[in-house]
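Asker: Quick one: structure below, then a few questions.
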Amino acid sequence: METAYDGRQIVGMDLHRRRSVLVRMTEDGRRLGTARIDNSPRELRAQIARAGKSPKVVLEATYGWYWAADVLEAAGAEVHLAHPLGVKAFTYRRVKDDQRDAADLADLLRMGRLPEAWIAPLPVRELRELTRYRAKLVGLRTSCKDQVHAVLAKLGVPVTCTDIFGTAGSAWLDQLRLPQPYAGKVTSLRHLAGELSTEITMLSQVTASLLAGDPGYQVIQQLPGIGPVHAAVIIAEIGDVTRFKSAAQLCSWAGLTPRHRESDAKVVRGHITKQGSPVLRWALIEAVQRIPRDSVIGAAKQAIIDRRGKQARSIAKVAAARRLLTLVFYGLRDGQIRCLSSSPGQPPAQPDD
């Protein structure tokens, strides 16, 4: 039986793929009601209507949360998104069920202890869908090309072309006489790689068209190594740059800062956290590999390699990526980059794939 309550309600939602559990409570933690619903906008609207006017609702940033957040926001709720890493401790409880998870989320929200993730607005989510899908297709195309190389290696065929998928390389592959089933596999993989290239090109054109009027998109392309594709990824993953107070905070969010463990007098700093967007880190690392040595960032990267040896190349790349992201922050925030990393006369951006 539900308790009558006229104040603002706190709702914890444990979202799953097919069904979800909602726990409603007062601001002082009294349980008002629990409901299990089949996932649909209609049922969610009906259930959240019982929470009164402008309830505070929290759900975890888990599989398929977009629709639920949009329905709740349209219904007048104040929506909060729990960061999965912040509520990971739920999995270590001796007793774990959906009602406890939903109630714990609501408790964290009402006590002001909720580790929150940013709810990206619809245009940013749509842009991310395009850029992340393109990245997936590039990975599939790379896999197809790698498999062609693997078939040639199995047959002991020496590769005499720098790029067997270029014009000269394709002509070379055409004249090869491979036995079956290898010939059929290579033909299939080449066809798939070609189809994927068509889709990748189309997605690049769509994202460039969507961002044509975005000033930040144009500004960050002044940085060496950042072309239209990488710029689109960076814009999509960062979203509203003003949500970060500083460039250091953005670098930390992107997972490009070292882990810090401190207890009493013991301090341990390790490798980078990698807790941010992997697509953003990929774009930045790819960009720094295209930056010339005579630029500010390129010189800083080379200085680390000279000081620590060739084994520190990965460390140098990460340090350069962090410095590049710092310049990206100021470019997006201020609409200009006062200290460009390229030398006079150096092309500001390199084409990217």
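The values are calculated or read from the model by the stated rules, or taken from the named source; none is laboratory data. Computed from a predicted model, the values in this text were never measured in an experiment. Cβ sites come from the backbone with ideal geometry, for glycine too, and all protein chains shown count toward neighbours. Note: areas computed on protein heavy atoms with side chains; ligands, DNA, RNA excluded. Shrake-Rupley method; radii C 1.70, N 1.55, O 1.52, S 1.80 Å.
Asker: Cβ-Cβ under 6 Å, sequence separation 6+ or interchain: first residue in the range 210-222 and closer than 18 Å to residue 290 by Cα, partner of a type outside the set (A, V, I, L, M) and at pLDDT below 90. Which pairs?
Answerer: As it stands, the answer is 222/348, since those pairs meet every condition given.
Asker: Check whether at least one residue in the range 69-86 is touching a residue at least 24 places away in the same chain (Cβ under 8 Å), open to solvent by less than 40 Å² (accessible area, probe 1.4 Å), of a type in the set (Gly, Ala, Ser) and farther than 18 Å from residue 107 by Cβ, and report yes or no.
Answerer: Yes, the range 69-86 contains at least one residue that is touching a residue at least 24 places away in the same chain (Cβ under 8 Å), open to solvent by less than 40 Å² (accessible area, probe 1.4 Å), of a type in the set (Gly, Ala, Ser) and farther than 18 Å from residue 107 by Cβ.
Yes/no per residue for (1) open to solvent by 40 Å² or more (accessible area, probe 1.4 Å); (2) at pLDDT 95 or above; (3) in a helix (DSSP H, G or I):
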residue	(1), (2), (3)
109	no, no, yes
112	yes, no, no
120	no, no, no
123	yes, no, yes
133	yes, yes, yes
143	yes, yes, yes
153	yes, no, yes
157	no, no, no
162	yes, no, no
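Asker: I need every pair where a residue in the range 239-266 that is free of Cβ contacts under 8 Å to residues at least 40 places away in the same chain has its Cβ under 7 Å from the Cβ of a residue that is polar (S, T, N, Q), sequence separation at least 6 or different chains.
Answerer: Note: pairs meeting the criteria are 255/273; 255/275; 259/273.
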